[in-house]
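The values are calculated or read from the model by the stated rules, or taken from the named source; none is laboratory data. Predicted model only: the values in this text are computed from it and were never measured. Note that each Cβ is placed from the backbone with ideal geometry, even for glycine, and that neighbours are counted across all protein chains shown.
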């Protein structure tokens, strides 16, 4: 079971979920793609993680906008409209009779290749579209005990190498940071950008609190997370000063609080970074407030 930011309660119903693959809804044991698929061969594609809450897809427009923008950036035609793809997601949800506490992975690869070669001209047919919905609830322990982060040597890429703002299937940069963090006994790796400033964690966006102000990175070298954006907006609408700016690891070590955000877990406190204990090893007051505001907003936007 994943730990830290993706720690969830095991649910045996996930053994028999129905998965969408290119127009078919298939039982999990039979859900397969070809070894000639671009996603398997090259990590060539884009993806989104989306929550289902009270029968509604949370921040669906923001996720779909990012998916289509990423596909455009890599020169890939998804082959259907955002509305049609959203309907495919709901068909998959309805086939599973799911309602809430669902986290789904939407994957679009460039599709089949006639031979294992990176150039898109080797592709035949359209994209491969996969929708995997799972029953997932964040454990109370991960929300309460706080996360341990560690600085890693792997830095974020740039738009001159692999644009980190594209939610690409090619995740090696993040996986490398994840492996580093795991070897050092941490929940996630805290990554710097090419200029030495704090950027992001390997699978979540990172925030600190200093003198009641919330700081997060400039956004130039991190995935601009949907939950990240929601928290920034909540700060602005609730008179919490928030800055998207460059800052250093020394600023992190002397911060009052820290937290991370992501689609699956929402807002999770960080209580230790490297050897530095933050907010006396517990969830900080502003982190707790933003967690509550975010939960309230989701329930208000997507009521039962």
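When the range 138-157 is filtered for residues that are touching a residue at least 24 places away in the same chain (Cβ under 8 Å) and loosely packed, with under 15 Cβ neighbours inside 10 Å, the ones remaining, listed by number, are 141, 144, 153. The numbered conditions (1) surrounded by fewer than 16 Cβ atoms within 10 Å (Cβ to Cβ); (2) modelled with pLDDT under 95 are all true for residue 265 except (1). For the residues 78, 107, 50, 93, the requirement of being modelled with pLDDT of 95 or more, part of a loop (DSSP other than H, G, I, E, B) and surrounded by 14 or more Cβ atoms within 10 Å (Cβ to Cβ) singles out 78. Here's a check for you: in the range 8-30, which residue that is part of a loop (DSSP other than H, G, I, E, B) and within 17 Å of residue 102 (Cβ to Cβ) is modelled with the highest pLDDT? For the range 8-30, the residue satisfying everything is 17. Assess whether residue 117 counts as being in a helix (DSSP H, G or I), without any contact (Cβ under 8 Å) to a residue 40 or more places away in the chain and over 19 Å from residue 28 (Cβ atoms). Judged against the criteria, residue 117 is not a match. Counting only residues that are buried (at least 21 other Cβ atoms within 10 Å of the Cβ) and under 23 Å from the mean Cα position of the chain (by Cα), the range 245-261 holds 6 of them. Checking each residue in the range 179-206 for being buried (at least 22 other Cβ atoms within 10 Å of the Cβ) and assigned to a helix (DSSP H, G or I) picks out only 181.
Quick grid of which residues meet (1) in contact with a strand residue (DSSP E or B) (Cβ under 8 Å, 6 or more places away or on another chain); (2) modelled with pLDDT of 95 or more:
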| residue | (1), (2) |
| --- | --- |
| 145 | yes, no |
| 149 | yes, yes |
| 152 | yes, yes |
| 162 | yes, no |
| 168 | yes, yes |
| 196 | no, yes |
| 240 | yes, yes |
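Taken over the range 246-277, residues that are free of Cβ contacts under 8 Å to residues at least 60 places away in the same chain and touching a strand residue (DSSP E or B) at 6+ places or on another chain (Cβ under 6 Å) amount to 8. Criterion applied to 164, 133 was being part of a loop (DSSP other than H, G, I, E, B) and closer than 27 Å to residue 33 by Cα, and the one residue passing it is 164.
Counting only residues that are within 22 Å of the chain's Cα centre (by Cα) and farther than 21 Å from residue 54 by Cα, the range 78-94 holds 2 of them.
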